[in-house]
1. Restricting attention to the stretch 10-32, which residues are over 21 Å from Y47 (Cα atoms) and of a type in the set (S, T, Y)?
2. Of all residues in the stretch 1-50 being part of a helix (DSSP H, G or I) and without any contact (Cβ under 8 Å) to a residue 12 or more places away in the chain, which is surrounded by the fewest Cβ atoms within 10 Å (Cβ to Cβ)?
3. Pairs, please: C-beta under 6 Å, at least 6 apart or cross-chain, first residue closer than 19 Å to R56 by Cβ and in the stretch 66-77, second part of a helix (DSSP H, G or I)?
4. Quick check on the stretch 63-74. Is at least one of its residues surrounded by 15 or more Cβ atoms within 10 Å (Cβ to Cβ) and assigned to a helix (DSSP H, G or I)?
5. Could you list, in sequence order, the residues of the stretch 51-62 that are without any contact (Cβ under 8 Å) to a residue 24 or more places away in the chain and either closer than 19 Å to D3 by Cα or surrounded by 15 or more Cβ atoms within 10 Å (Cβ to Cβ) (or both)?
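All of the numbers you see were taken from the coordinates with simple rules; none came from a lab. Note that the structure is predicted; figures quoted are calculated from it, not measured. Cβ sites come from the backbone with ideal geometry, for glycine too, and all protein chains shown count toward neighbours.
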Amino acid sequence: MVDTNRIEGAAEDTVGKLQDGMGGLLGDTATQAKGKAKQFAGQAQGYYGETLDSVRDLTSDQPLVAVAAAVGVGFILGALLARR
């Protein structure tokens, strides 16, 4: 199952590329900068979606590993917060 963040990220990246290109054609550096920012945001959202997909796949394929990882993270967070 593909996470919607991957699809939305790809769309945002495409819009950013178009906006960057239009800013370059028109000589508008502000539009180019906004386009580059949208590209970066879209790529980051796409990577986030890929990570979520990977975690979902891992937890469904190896649930005991996922539980062990969650216990480990909980133990570490508990130890760190208890020191305060």
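1. Passing the criteria: T29, T31.
2. Among them, the one singled out is A30.
3. Pairs found: A66/T59.
4. yes
5. Within the stretch 51-62, T51, S54, V55, D57, L58, T59, S60, D61 qualify.
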